[in-house]
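The values are calculated or read from the model by the stated rules, or taken from the named source; none is laboratory data. From a predicted model like this one, the values you see are computed outputs, not experimental measurements. Here Cβ is always computed from backbone atoms with ideal geometry, including for glycine, and neighbour counts include all displayed protein chains. SASA here: full protein model, heavy atoms, side chains in, ligands and nucleic acids out. Shrake-Rupley method; radii C 1.70, N 1.55, O 1.52, S 1.80 Å.
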Amino acid sequence: MKTLMVVCGSGIATSTVVEGKIRDFLDSKGVLDKVKMLKGNIAEQINHIDDYDAFVSTTVVPDDVKDKVISGLPILTGVGADAVYDQILSKLGLN
């Protein structure tokens, strides 16, 4: 089982929206049952980034972990969302 963490500033608003969209995408690809999805706020989860197979954020992350984080903003806006979904599949090893 792969793990995917979705975070935002509060762990309530945008992470919930992005989590739902990622869930729908993974379901459409037939791989939702292979992924445990979690959501939270950036402050609590940033120190645990290596505990997850993929880490998606809709907020700013520290420079020292940017290479480990997938920006979820394109999923919110719809602009460039397909590339983000591809990144997620790649990080999860499901492509």
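Per-peptide packing, taken as the mean over residues of other Cβ atoms within 10 Å, places 81-87, 24-30 in the sequence 81-87, 24-30 from highest down.
Could you do me a favour and compute the accessible area per residue for the chain, 1.4 Å probe, result in Å²?
On the way: 5140 Å² over 95 residues.
Result: 54 Å² of accessible area for each residue.
Expressed as a whole percent, the accessible surface of the chain that belongs to carbon and sulfur atoms is 50, based on a 1.4 Å probe. Relative to the longest principal axis of the Cα atoms of the chain, helix 81-92 runs at roughly 90 degrees.
Just give me a number: lysine pairs in the chain, eight or more positions apart or cross-chain, with C-alpha atoms less than 16 Å apart. Step by step, the pairs that qualify in the chain add up to 14.
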